[in-house]
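The values are calculated or read from the model by the stated rules, or taken from the named source; none is laboratory data. Note that the coordinates shown come from a computational prediction; the quantities given were computed from them, not determined experimentally. Don't worry about glycine lacking a Cβ; one is built from the backbone with ideal geometry, like all the others, and counts go over all protein chains shown. With ligands, DNA and RNA removed, areas are computed over all heavy atoms of the protein, side chains included. Shrake-Rupley method; radii C 1.70, N 1.55, O 1.52, S 1.80 Å.
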Amino acid sequence: FSCNPSDLLCSFPGLLYQEYRDKSTREEIETRRLQDSQTDPEETSPSKETPSEAEPTSTTENKTPPQINLLRNSNSRFNLWQDLPEVQSSGVLSILQPDEIKLQEAMFELVTSEASYYKSLNLLVSHFMENERLKKILHQSEAHILFSNVLDVMAVSERFLLDLEQRVEENIVISDVCDIVYQHTVNHFSVYITYVSNQTYQERAYKQLLQDKPAFREVISQLELDPKCKGLSFSSFLILPFQRITRLKLLVQNILKKVEEKSDRESTALDAHKELETVVKACNEGVRKMSRTEQMISIQKKLEFKIKSVPIISHSRWLLKQGELQQMNGPKTSRTLRTKKLFREIYLFLFNDLLVICRQIPGDKYQVFDSAPRGLLRVEELEDQGQSLANVFILRLLENADDREASYMLKASSQSEMKRWMISLAPNRRTKFVSFTSRLVDCPQIQCVHPYVAQQPDELSLELADVLNILDKTDDGWIFGERLHDQERGWFPSSMGEEILNPKIRAQNLKECFRVHKSDDSQRRKLGSRNRQ
């Protein structure tokens with residue numbers, strides 16, 4: 001079933017990466033809605049199946065054609081492998097099984113999206129980075145921080161795309177792409193870690209340039225208005241590499257869900273996914289590292305110790321949650337009293353390994369009067385105690401700063417705030433729908449239909465079409481969930497998603513999740529048991 005490469009290559013899509021992403025994720029949402037309304041998930045048409053994972057946020061793309069054949073035509077109408085004229089005229093659609101067609105679509109998606117991504121990188125370089133007016137405005141050091149190693153990233157994408165293109169040209173029925181993904185991830189994708197680790201400096205430098213250099217602000221605004229940019233901002237181009245490396249992992253997951261079990265292609269997909277996951281984790285750590293260090297230094301300066309001083313700054317420590325709660329004065333036997341004067345304000349700093357309990361004092365300072373290792377915290381909710389004791393819970397320190405057990409009765413401002421504190425303080429505690437020490441069987445699930453950007457450390461940013469297990473929910477509109485594709489946990493507003501009601505679809509989602517992560521034996525045994533906060 002070989003075909004003429006020049007005929008095939010002119011069929012690749014020319015959408016901007018952001019347009020492509022939005023179309024793909026919206027189709028995925030609609031496909032899942034259709035499946036959820038049906039008795040049998042297999043009733044949905046395979047011809048409209050699209051990649052099953054949400055794509056990173058506001059990317060941008062697709063622009064000036066470089067030397068790669070895949071990028072030659074920017075006006076193509078074809079988005080699906082089976083829509084290619086060469087595929088339709090070859091007769092393969094009547095020979096291949098439906099599952100193989102779905103697999104072809106998943107592999108084709110990876111190739112075409114890389115072509116779109118490369119075009120956008122090329123626009124970032126040719127339209128912005130190499131603009132003569134911009135070059136004159138920026139010092140060399142400023143340009144280096146702003147654009148980092150984007151030329152290396154683009155070169156890696158070009159090499160990767162050339163290998164993918166060669167594979168597609170070999171046969172109209174694509175044999176595999178995950179072996180190529182694996183080789184490039186192992187040998188070349190470290191450039192992504194370098195680029196993404198610079199992101200904090202990059203964002204800071206960009207804001208400073210906009211503020212301090214009117215000429216820079218003017219040139220960027222003019223360049224953004226160029227029709228090539230399709231209304232997309234300069235900053236949306238700068239964040240492309242991080243969004244792409246995350247998306248690649250999801251595209252490989254989608255392929256992995258469709259290959260035959262115990263086959264060579266499954267083994268290759270698992271290897272590629274594992275290597276991509278390593279790179280994505282390194283990228284995430286690179287982004288967090290500097291901001292966490294700065295945050296810890298800032299907190300340390302605000303703390304004054306009434307007790308024995310505890311060193312706050314540590315390379316392995318970061319903030320999980322901070323905020324004000326009301327502490328009940330007197331013994332637990334006073335809980336029947338109804339006056340709010342029973343409570344006084346305290347302030348908690350919860351780190352991944354330590355809790356610090358303070359009172360706020362003048363000068364934006366906090367006086368520390370107790371602390372405990374996070375592993376020695378226990379929480380207990382008070383129920384049916386009347387309005388004055390609504391949203392009250394007991395925090396027990398098994399060993400506090402004085403090496404004794406201590407208890408605090410604490411009142412939160414709302415039910416959601418109480419539950420968020422309880423889960424952050426004692427992450428392995430059983431929640432409403434599932435015990436974290438048991439395997440998930442059939443807990444509620446939700447599909448993201450509106451993207452959400454986390455506002456607090458205990459919240460979870462969501463992308464369109466993300467699927468999550470619902471671990472807990474509150475009456476005032478918050479959900480504590482675990483995203484299936486990476487097991488990240490956090491809170492988000494319930495209005496961001498739609499619950500998946502069909503138990504067969506929920507079971508199918510879990511089965512696919514177990515399969516994707518089956519190379520990690522601990523995840524296979526206890527999906528969801530690991531806390532990633």
Return the pairs, sorted by first residue and then second, in which the second residue is among the aliphatic types (A, V, I, L, M) and open to solvent by less than 80 Å² (accessible area, probe 1.4 Å), the first residue lies in the range 306-331 and is on the phi > 0 side of the Ramachandran plot, the beta carbons are less than 8 Å apart, and the residues are 6+ apart or on different chains.
Gly323/Leu348; Gly330/Leu342
Inside the range 134-218, counting only helices (runs of 4 or more DSSP H) that do not spill past its ends, which hold 3 or more residues that are touching a residue at least 24 places away in the same chain (Cβ under 8 Å) and open to solvent by 10 Å² or more (accessible area, probe 1.4 Å)?
150-170, 178-187, 190-197, 199-212
Mind checking which pairs have a first residue in the range 498-526 that is at pLDDT 85 or above and a second that is open to solvent by 60 Å² or more (accessible area, probe 1.4 Å) and β-branched (Val, Ile, Thr), Cβ under 9 Å, 6 or more apart or different chains?
Asn502/Thr39; Lys504/Thr39; Ala507/Val441; Leu510/Val441
Within the range 350-383, the residues that are touching a residue at least 60 places away in the same chain (Cβ under 8 Å) and touching a strand residue (DSSP E or B) at 6+ places or on another chain (Cβ under 9 Å) are Leu350, Asn352, Leu355, Lys365, Tyr366, Gln367, Val368, Phe369, Asp370, Ser371
Which condition number in (1) open to solvent by less than 50 Å² (accessible area, probe 1.4 Å); (2) modelled with pLDDT under 95 is the one that Gln88 fails?
(1)
For the range 408-423, indicate whether the set of residues that are over 19 Å from the mean Cα position of the chain (by Cα), of a type in the set (A, V, I, L, M) and at pLDDT below 90 is non-empty.
no
Please find, among Lys281, Lys258, Lys228, Lys249, the residue that is farther than 30 Å from Glu130 by Cα, open to solvent by 60 Å² or more (accessible area, probe 1.4 Å) and either in the same structural domain as Ser157 (by the TED database) or modelled with pLDDT under 95 (or both).
Lys281
Tell me which residues, restricted to the range 385-420, are aromatic (Phe, Trp, Tyr) and under 16 Å from Ser371 (Cα atoms).
Tyr408
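Residue by residue, here is whether (1) in contact with a His (Cβ under 6 Å, 6 or more places away or on another chain); (2) more than 27 Å from Ser236 (Cβ to Cβ); (3) polar (S, T, N, Q) holds:
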site: Gln104; (1), (2), (3): no, yes, yes
site: Met129; (1), (2), (3): no, no, no
site: Leu162; (1), (2), (3): no, no, no
site: Ser175; (1), (2), (3): no, yes, yes
site: Ile180; (1), (2), (3): no, yes, no
site: Gln183; (1), (2), (3): no, yes, yes
Of everything in the range 284-320, what is modelled with pLDDT of 90 or more, among the hydrophobic types (A, V, I, L, M, F, W, C) and under 16 Å from Arg374 (Cβ atoms)? Give them in sequence order.
Met296, Ile299, Ile312, Trp318, Leu319, Leu320
Since Leu96 meets every condition but one in (1) open to solvent by 50 Å² or more (accessible area, probe 1.4 Å); (2) modelled with pLDDT of 85 or more; (3) not in a helix (DSSP H, G or I), which condition does it not meet?
(1)
Counting only strands (runs of 3 or more DSSP E) wholly inside the range 447-511, the ones holding at least 1 residues that are of a type in the set (Asp, Glu), open to solvent by 10 Å² or more (accessible area, probe 1.4 Å) and out of contact with any helix residue (DSSP H, G or I) (no Cβ under 7 Å at 6 or more places or on another chain) are 497-500
Flag if Gly323 is at pLDDT 90 or above, over 18 Å from Glu383 (Cα atoms) and surrounded by fewer than 18 Cβ atoms within 10 Å (Cβ to Cβ):
yes
Of everything in the range 284-299, what is open to solvent by 30 Å² or more (accessible area, probe 1.4 Å) and over 21 Å from the mean Cα position of the chain (by Cα)? Give them in sequence order.
Thr293, Glu294, Gln295, Ile297, Ser298
